[in-house]
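Input: a single structure, listed below in structure tokens.
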Amino acid sequence: MCGIVGYIGDMQAAPVILDGLSRLEYRGYDSAGMAVFDGERIRAKKAVGRLKVLENLTKGGLLLPGVSGIGHTRWATHGAPSEANSHPHMNAKHTIAVVHNGIIENYIPLKKKMAERGYHFISETDTEVLAHMLDYYYKGNPLEAITKVLHRVEGSYALGIMFADYPGEIYAARKDSPLIVGRSGEGCFMASDVPAILKYTRTVYYMDNYEIARLNKEAISFFTVDEEEIVKDAVEIKWDAEAAQKGGYEHFMLKEMYEQPKTVTDTILPRIKGNDIVIDELQMSDEAIKNVERIHIVACGSAYHAGVTGKYVFEELARIPVEVDVASEFRYRNPILDERSMVMVISQSGETADTLAALREAKARGCRVLGIVNVVGSSIAREADSVMYTWAGPEIAVATTKAYSAQLVALYLLAIKFAKVRGHVAEERYQHLLSQISRIPYQIELLLGQKEVMQHFANRYTGARDIFFIGRSIDYAISMEGSLKLKEISYVHSEAYAAGELKHGTISLIEEGTLVVALATQPKLFSKIIGNIVEVKARGAFVMAVTNEENSAMEKVADYVVHIPETDPIFTNSLAIIPLQLFAYYVAVARGCDVDKPRNLAKSVTVE
């Protein structure tokens, strides 16, 4: 969840590390630190709080001279944010330094064993165990020491390691936590994610589980945990470094909202050829699609909400039973799976720990797994049987917008494809759907053009304590995502409810002046949701409705109405979510919140 950056080469390492860490701030953290070999010894500096504190402490890195180093931004798991708990962690002699993302699950017995051997611990972290274990097993060969440690630890890790005896080398190791390495004419790099090093190189290697990399200023060598050298192929990063910059927008989140028309276009267009949907990367014959008896969609957070929409769309069009699971529940509920079940796992980063674990569980039970991911070369992309990329480009803001929109249209395409192959959609309806889905980018652009209207409305609710979102069918899925957007960036308590459940307890929470956001985009349910609006208004609620252009009846019951352009009912989520994203954004801005980096949250959740 945190950030790792390492560098060895001809440049001063500390400024490179600080620059790289600044590009990983979106991942979430509460302290930062770095270690640099200064020609004689490894020197480290740590600071609690934002990276700026570490930058000031080291005068932009000038106080830590040297051409090799490792750095880290920590998100507290074991022990509160403090200088002692911050990374890097070192052995007693300060000759070995370690930065670590992930969790060492057996650190307690390991710590006890190392204490019995005379090692003294100064932090509460699991990572310090690694520093002392490396010290214990180091007999002059860094690779040998690293492999001995990795054979004894359980859990997840992305590691950056330095040995004072080998100032011309730094080491990286990976299991279940993302890590890349790269090289250029200026040296070699390691990082948790591409944006950290894209300024310096486009040539990267995605490390796989149980791999170790040895970096010097000219080359990178790869090894297994049994010290066997292996050969890996480099990947050339295609997207531009400017894609990871704000480009004049106040926040990454706002920029990424405005990138949604392009993101949706880039996800749709390559898969519509002529008058047909062609998804080559699915790697499934028509016969294989017909043989699917049940689909399981597994994801976390906003990706889970996209999956809920996917359930409604798949069942409506393709008539396949669909189950949607939060990934952390799927892997522990002993799901009923067989070779005729298909599992779709959705993740922006492709590294979400629970989703990755669900993928492995599904594969172990003989299921075909499709990964819907945004990051090329990510763990899910590599381990799934097939992968459908969403082509959203780098998404920096913690709260997803464009990646979510891309996930939605990817699911639409799959559902329409399955419906056609399985004979559940007539040709006329099929062509209508293709026409409607192609209009979504333009319609999103129209809605983004109304941002001032949503900003004005949002300013009225900066002091709100509770906001409720209600909807039915696909509108319920939209409600969940709208509620999540608001709470995660503005810290306003919000809840989403299936509107038909109001009388089963929820309506008791409505009081005078409470804002209720009602989603009403499904024509066959207009009368039902209008009834629910009347119920909450009778208890004093102020109602903002998001509905279709032709729904004139809504003007008579709601206090404030936002209209979305006409589209097929199964696609309304892609449009109705836009005003809800804008509403959440402007409430957060008005409240002075850190929109791109909300408290306690991280972009890529790589631990349970």
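Numbers for the structure displayed
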{"quantity": "Bins of 5 Å, starting at 0 and running to the largest distance - Cα pair percent for the range 175-317", "calculated": "2, 7, 10, 13, 14, 14, 14, 14, 8, 4, 1, 0"}
{"quantity": "Check: the range 372-423 dipole with +1 on Lys, Arg Cβ and -1 on Asp, Glu Cβ, in debye", "calculated": "260 debye"}
{"quantity": "Qualifying trypsin sites (Lys or Arg not before Pro) in the range 277-332, DSSP loop, other Cβ atoms within 10 Å at most 11", "calculated": "none"}
{"quantity": "Global size of the chain as Cα Rg and Dmax, reported in angstrom", "calculated": "25.4, 80"}
{"quantity": "Spatial separation of Cα centroids for the range 323-392 and the range 83-153, in angstrom", "calculated": "32 Å"}
{"quantity": "Cα-centre dipole for the chain with unit charges at Cβ (Lys and Arg positive, Asp and Glu negative), debye to 20", "calculated": "720 debye"}
{"quantity": "For the range 265-273, 3J(HN,Hα) per residue [Karplus equation, 6.51 cos²θ - 1.76 cosθ + 1.60, θ = phi - 60°, Hz, x = Gly/Pro]", "calculated": "4, 5, 7, 7, 4, x, 9, 10, 10"}
{"quantity": "Whole-Hz couplings from phi, Karplus 6.51/-1.76/1.60, listed for the range 552-566; x for Gly and Pro", "calculated": "5, 5, 5, 4, 7, 10, 7, 7, 8, 10, 10, 9, 10, x, 5"}
{"quantity": "Accessible area of the chain belonging to carbon and sulfur atoms, whole % at 1.4 Å probe", "calculated": "49 percent"}
{"quantity": "Label zone at Glu218 (point 7 Å along Cα-to-Cβ), backbone N below 17 Å, the range 5-44", "calculated": "8-11"}
{"quantity": "Accessible area in the full protein assembly, largest first, 1.4 Å probe, for His424, His100", "calculated": "His424, His100"}
{"quantity": "Cα principal axis extents for the range 514-582, largest first, Å", "calculated": "33, 26, 16"}
{"quantity": "Probe 1.4 Å, all protein chains present, accessible-area order of Arg360, Arg74, Arg465, largest first", "calculated": "Arg465, Arg360, Arg74"}
{"quantity": "Heavy atoms of Met11: accessible area, 1.4 Å probe, square angstrom to 10", "calculated": "50 Å²"}
{"quantity": "Acute angle (nearest 10 degrees) that the helix 427-448 long axis makes with the longest principal axis of the chain, alpha-carbon atoms", "calculated": "70 degrees"}
{"quantity": "Debye, to nearest 20: dipole size of the range 16-118, +1 on Lys, Arg Cβ, -1 on Asp, Glu Cβ", "calculated": "200 debye"}
{"quantity": "Nearest 10 degrees, 0 to 90: helix 353-364 Cα axis against the chain principal axis", "calculated": "80 degrees"}
{"quantity": "Pairwise Lys count, the range 254-407 - Cα closer than 28 Å, eight or more residues apart or different chains", "calculated": "11"}
{"quantity": "Farthest positive-ward along the range 288-410 dipole, Cα basis, beta-carbon charges - from Ile336, Gln348, Val298", "calculated": "Ile336"}
{"quantity": "Dipole of the chain, positive direction: furthest Cα of Ile237, Asn548, Pro261, with charges on the beta-carbon", "calculated": "Asn548"}
{"quantity": "Size of the range 242-329 as Cα extents on the principal axes (Å, biggest first)", "calculated": "50, 39, 21"}
{"quantity": "Between helix 301-317 and the chain: long-axis angle, C-alpha atoms, 0 to 90°, nearest 10", "calculated": "40 degrees"}
{"quantity": "Accessible area per residue in Å² at 1.4 Å probe, computed on the chain", "calculated": "37 Å²"}
{"quantity": "Longest exposed-site-free window of the chain, the sites being chymotrypsin sites (Phe, Trp or Tyr not before Pro) in a DSSP loop that have at most 16 other C-beta atoms within 10 Å", "calculated": "333-490"}
{"quantity": "Cα-based Lys pair tally, the range 44-182, threshold under 17 Å, eight or more apart or on separate chains", "calculated": "8"}
{"quantity": "Surface accessible to a 1.4 Å probe, Cys300 within the full protein complex, Å²", "calculated": "40 Å²"}
{"quantity": "In the range 19-67, GluC sites (Glu not before Pro) in a DSSP loop with at most 13 other beta-carbon atoms within 10 Å", "calculated": "Glu40"}
{"quantity": "Sequence-distant lysines (8 or more away, or on other chains) whose Cα lies within less than 18 Å of Lys537", "calculated": "Lys503, Lys528, Lys556"}
{"quantity": "Residue-wise HN-Hα coupling along the range 487-492, computed from phi with Karplus coefficients 6.51, -1.76, 1.60 (Hz; x: Gly, Pro)", "calculated": "6, 6, 10, 9, 6, 7"}
{"quantity": "Cα centroid of the range 1-40 to Cα centroid of the range 504-550, whole Å", "calculated": "50 Å"}
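The values are calculated or read from the model by the stated rules, or taken from the named source; none is laboratory data. Since the structure is predicted, the reported quantities are computational estimates derived from the model, not experimental observations. In this analysis, Cβ positions are derived from the backbone assuming ideal geometry, glycine residues included, and neighbour counts consider all displayed protein chains. All accessible areas refer to the heavy atoms of the entire protein, side chains included, with ligands and DNA or RNA removed. Shrake-Rupley method; radii C 1.70, N 1.55, O 1.52, S 1.80 Å.
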